Amino acid sequence: MASPETVEVVHGAEPDSSVVLLHGLGADGHDFEPIVPELGLGDAAVRFVFPHAPVRPVTVNGGVAMRAWYDIVSLDRHGPQDGQGIRASSERLRALIEREHERGIAYSRIVAAGFSQGGAIALHTALRFPHRLAGVMGLSTWLPLAETLGTEVLPGRSVPPAELPVFLAHGTADPVIPIQFGRQSAEAIKAAGFDVEWHEYPMPHAVSPAEIADIRNWLLRVIPAS
């Protein structure tokens with residue numbers, strides 16, 4: 001039941017789990033299609049949902065319109081953030097998670113994931129989600145609106161933070177999102193009580209074979225074949 005706003009790839013027959021993965025700035029839902037066969041998920045039956053971000057002007061790119069989950073106003077981690085855009089895309093992701101649930105997938109078998117800007121939305125959404133998800137995966141990303149962890153995230157959760165597995169991975173030579181952003185985000189999420197698995201790889205703003213192997217192992221733990 002893919003829509004014009006999403007790309008879907010199914011591994012195995014009759015999926016009993018879902019991974020909703022958001023692409024990075026300027027890409028689209030086709031960007032991570034090739035990763036599905038590379039993961040080698042064996043007997044696991046998983047539906048991968050890759051949504052397309054809307055096209056919008058991006059301030060740091062001179063106002064050029066491109067696919068973006070929200071506007072990037074500043075590259076300074078402590079600079080202004082597009083809170084309205086972040087929350088709007090978070091609602092898009094929540095709607096996709098709910099759609100997977102309506103299609104028969106238990107919340108505990110749904111992973112929210114994303115790369116770069118898409119990972120920021122995945123983290124923002126999953127940390128606040130009222131039901132227990134299988135996990136959240138953020139690749140080469142950061143935690144947006146980090147100052148709201150104590151005011152929006154923890155008071156609103158109906159399940160303990162420790163029950164949400166968090167997979168974070170980053171390249172040590174990332175020229176786009178400095179690894180310090182990822183490390184600081186991981187520490188903030190861990191300090192809030194979440195179960196964080198952190199990985200670093202000698203790579204730029206990309207995905208490596210070693211990272212794909214670690215993603216595979218993590219996915220098979222949080223959504224094991226039934």
Test: residue in the range 10-18 that is at pLDDT 95 or above, part of a strand (DSSP E or B) and open to solvent by 50 Å² or more (accessible area, probe 1.4 Å): yes
Residue within the range 167-174 that is of a type in the set (S, T, N, Q), in a loop (DSSP other than H, G, I, E, B), touching an Asp or Glu at 6+ places or on another chain (Cβ under 9 Å) and touching a residue at least 40 places away in the same chain (Cβ under 8 Å) present: no
Per-region count, the range 75-95, residues in contact with a Ser or Thr (Cβ under 7 Å, 6 or more places away or on another chain) and open to solvent by less than 70 Å² (accessible area, probe 1.4 Å): 3
The one condition in (1) closer than 22 Å to Gln81 by Cα; (2) modelled with pLDDT of 95 or more; (3) open to solvent by less than 20 Å² (accessible area, probe 1.4 Å); (4) out of contact with any helix residue (DSSP H, G or I) (no Cβ under 7 Å at 6 or more places or on another chain) that Ile121 fails to fulfil: (4)
Whichever residue in the range 35-55 is within 17 Å of Val20 (Cβ to Cβ) and without any contact (Cβ under 8 Å) to a residue 40 or more places away in the chain and, among such residues, is surrounded by the fewest Cβ atoms within 10 Å (Cβ to Cβ): Pro54
Among residues of the range 12-31, those that are touching a residue at least 40 places away in the same chain (Cβ under 8 Å) and either among the charged types (D, E, K, R) or touching a helix residue (DSSP H, G or I) at 6+ places or on another chain (Cβ under 6 Å) (or both), counted: 9
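For (1) surrounded by fewer than 17 Cβ atoms within 10 Å (Cβ to Cβ); (2) modelled with pLDDT of 95 or more; (3) within 15 Å of Ile223 (Cα to Cα), each residue gets a yes or a no:
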{"site": "Leu22", "(1), (2), (3)": "no, yes, no"}
{"site": "Pro57", "(1), (2), (3)": "yes, yes, no"}
{"site": "Asn61", "(1), (2), (3)": "yes, no, no"}
{"site": "Val73", "(1), (2), (3)": "yes, no, no"}
Residue, farthest from Ala112 (Cα to Cα), within the range 190-208, restricted to residues that are open to solvent by less than 40 Å² (accessible area, probe 1.4 Å) and over 14 Å from the mean Cα position of the chain (by Cα): Met203
Counted residues, the range 170-199 - those being within 19 Å of Gly135 (Cα to Cα) and in contact with a helix residue (DSSP H, G or I) (Cβ under 8 Å, 6 or more places away or on another chain): 12
Selected residue (only one of Leu93, Leu123, Leu143, Leu149 is in a helix (DSSP H, G or I) and over 17 Å from Val19 (Cβ atoms)): Leu149
Among (1) open to solvent by 40 Å² or more (accessible area, probe 1.4 Å); (2) under 25 Å from Asp214 (Cβ atoms) - the single one His101 does not satisfy: (2)
Single residue of the range 7-53 satisfying the filter (touching a strand residue (DSSP E or B) at 6+ places or on another chain (Cβ under 7 Å) and among the charged types (D, E, K, R)) that is nearest to Ile105 (Cα to Cα): Arg47
Test: residue in the range 158-166 that is at negative phi, in a loop (DSSP other than H, G, I, E, B) and surrounded by 23 or more Cβ atoms within 10 Å (Cβ to Cβ): yes
Any hit, the range 210-217, residues being open to solvent by 10 Å² or more (accessible area, probe 1.4 Å), small (Gly, Ala, Ser), more than 17 Å from the chain's Cα centre (by Cα) and modelled with pLDDT of 95 or more: yes
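The values are calculated or read from the model by the stated rules, or taken from the named source; none is laboratory data. Values in this document were obtained by computation on a predicted structure and should not be read as measured data. In this analysis, Cβ positions are derived from the backbone assuming ideal geometry, glycine residues included, and neighbour counts consider all displayed protein chains. With ligands, DNA and RNA removed, areas are computed over all heavy atoms of the protein, side chains included. Shrake-Rupley method; radii C 1.70, N 1.55, O 1.52, S 1.80 Å.
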